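Take a look at the structure below.
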Amino acid sequence: MIVRAAPGLGELLRYVGELVDRGAEDVYSSLGMSYRPRYTPVLRAMSLGASTVTDITTATHVTQGAISQTVGLMVTDGLVERRQLADGRKSAIHLTEMGSELVELLRPHWEITFTAIVELEKEIGFPIRRVLGDTAAALENRGFAGRIDDARRRRDAREALVAARSTAPRTNWFDHGGEAYARFRPEYPARLSMFLASLAPSTDLAVDVGCGSGQLTSQLARYFDTTIGIDPSGDQLENARPQERIRYVQAPAEDLPVPDGSAALITAAQSAHWFDRPAFYAEARRIAAEGAVIALISYGLMQLEPELHERFQRFYRREIGPYWPPERKLVDNGYADIEFPFSEFSAPPMEIGKIWSLDELLGYLSTWSAVRRADEAGKSEVLQAFADDLTELWGDPAATRSVTWPVNMRVGIV
């Protein structure tokens with residue numbers, strides 16, 4: 001007897017998508033049209049005034065890469081044409097006469113389609129578009145791979161905490177090896193890479209400087225043909241996960257092993273405050289392609305739930321405060337005080353959100369340079385006292401709590 005397994009999220013989404021696409025194709029066929037359903041988001045966005053790939057990406061829930069591929073097919077089919085904008089950085093997209101005629105032909109069909117969607121929602125008694133929209137927003141904020149990793153780590157942490165409490169009176173929470181940075185540093189929201197890629201003049205090459213173990217590098221690789229992650233630390237790069245279209249190189253920010261005029265996007269995430277910035281900026285100008293974008297990204301001090309806030313603030317500002325280097329003030333100020341000699345873009349507000357166990361939170365703190373310096377200065381009892389206090393405030397060792405960080409950035413054209 002074959003037992004039918006409960007379907008996963010991806011399985012259900014693919015099946016529903018196939019049913020919708022199949023129905024759309026049947027309707028187009030009945031209208032005597034040879035038409036690709038993937039053209040619809042682009043045509044609808046252009047009918048509402050979108051004129052660049054960036055505009056269409058902003059107006060739809062489709063990635064910049066997918067939009068670019070679709071526009072390429074539409075150019076081949078004679079539905080749209082490209083024209084260079086005056087600033088030379090982007091090409092505008094215009095409907096051809098054939099494309100405009102197709103939009104007018106499809107308008108009544110789109111209206112009927114949305115009526116059918118409303119009737120479907122009434123039938124199932126569920127606002128499926130709103131739920132899918134909320135789901136997409138949540139996954140943009142924190143990717144599904146990260147959620148799977150979080151669930152596994154929470155399970156492992158619960159088991160470890162229960163075992164530790166039953167076998168040992170104290171745990172040295174801050175005794176982590178070089179892999180701690182890769183394991184505990186929070187991932188950036190997916191929309192950050194999408195936003196930066198939409199600004200870049202091409203998707204040929206992105207260079208992530210001071211990349212650490214590749215938190216941002218791996219996300220940029222979704223949008224660029226090649227992404228180079230550069231960091232001076234071999235230990236950090238050893239903990240970076242290999243991935244297609246990514247090349248990791250050990251080098252300082254002030255001497256980048258990248259050809260002249262080749263990079264469409266240059267990023268530095270949670271690292272620019274450590275650079276000799278005039279030297280780095282000189283290198284950025286050397287490797288930048290025409291119209292290249294540069295982005296300095298940081299995330300500020302994490303925000304904990306109210307019952308943990310006071311104890312954490314005392315630890316951060318008073319107990320390990322003297323061990324922070326002066327550069328930390330630039331992070332605390334959201335890079336607002338950092339010199340940035342480029343024509344600047346405004347960036348949308350973003351934040352990182354995690355649901356963490358106590359072990360994950362303390363593991364993240366172990367990656368802080370001030371914590372390592374305090375430990376090296378013989379202040380391990382201060383670190384352990386904080387860990388003990390936080391453990392008591394945390395309560396149930398199996399519990400998880402919300403942690404957030406504000407994302408700050410300076411973005412400009414090189």
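The values are calculated or read from the model by the stated rules, or taken from the named source; none is laboratory data. From a predicted model like this one, the values you see are computed outputs, not experimental measurements. Here the Cβ positions follow ideal geometry from the backbone for every residue, glycine too, while neighbour counts run over all protein chains shown. Heads up: the accessible areas ignore ligands, DNA and RNA and are worked out on the full protein's heavy atoms, side chains in. Shrake-Rupley method; radii C 1.70, N 1.55, O 1.52, S 1.80 Å.
Any idea how many residues of the stretch 313-340 are assigned to a loop (DSSP other than H, G, I, E, B) and either more than 17 Å from residue 364 (Cα to Cα) or free of Cβ contacts under 8 Å to residues at least 40 places away in the same chain (or both)? Break it down stepwise before answering.
Going through the stretch 313-340, the residues assigned to a loop (DSSP other than H, G, I, E, B) turn out to be 320, 324-327, 333-340.
Next, from what is left, pick out any that are either more than 17 Å from residue 364 (Cα to Cα) or free of Cβ contacts under 8 Å to residues at least 40 places away in the same chain (or both): 325-327, 333-340.
Residues in the stretch 313-340 being assigned to a loop (DSSP other than H, G, I, E, B) and either more than 17 Å from residue 364 (Cα to Cα) or free of Cβ contacts under 8 Å to residues at least 40 places away in the same chain (or both): 11 in total.
Residue under question is residue 103, and the condition is that it be open to solvent by less than 90 Å² (accessible area, probe 1.4 Å), under 25 Å from residue 196 (Cβ atoms) and modelled with pLDDT of 80 or more; does it hold?
On the way: open to solvent by less than 90 Å² (accessible area, probe 1.4 Å): yes; under 25 Å from residue 196 (Cβ atoms): no; modelled with pLDDT of 80 or more: yes.
So residue 103 does not fit the description; no.
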Residues in the stretch 347-358: is at least one farther than 26 Å from residue 333 by Cα, touching a residue at least 24 places away in the same chain (Cβ under 8 Å), open to solvent by 40 Å² or more (accessible area, probe 1.4 Å) and assigned to a loop (DSSP other than H, G, I, E, B)? no
Neighbours by Cβ (under 6 Å, 6+ apart or cross-chain): first from the stretch 101-117, free of Cβ contacts under 8 Å to residues at least 12 places away in the same chain and in a helix (DSSP H, G or I); second among the charged types (D, E, K, R) and exposed (fewer than 12 other Cβ atoms within 10 Å of the Cβ): none
Which of the residues belonging to the stretch 232-257 are surrounded by fewer than 21 Cβ atoms within 10 Å (Cβ to Cβ) and of a type in the set (Val, Ile, Thr)? 249
List the residue pairs whose Cβ atoms are under 8 Å apart, where the first residue sits in the stretch 250-277 and is under 23 Å from residue 239 (Cβ atoms) and without any contact (Cβ under 8 Å) to a residue 24 or more places away in the chain, the second is part of a loop (DSSP other than H, G, I, E, B) and open to solvent by 30 Å² or more (accessible area, probe 1.4 Å), and the two are 6 or more positions apart or on different chains. 250/232; 250/233; 251/232; 251/257; 252/232
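Yes/no per residue for (1) closer than 30 Å to residue 410 by Cβ; (2) modelled with pLDDT of 75 or more; (3) out of contact with any strand residue (DSSP E or B) (no Cβ under 8 Å at 6 or more places or on another chain); (4) surrounded by 12 or more Cβ atoms within 10 Å (Cβ to Cβ):
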site	(1), (2), (3), (4)
114	no, yes, yes, no
124	no, yes, yes, no
128	no, yes, yes, yes
161	no, no, yes, yes
175	no, no, yes, no
179	no, no, yes, yes
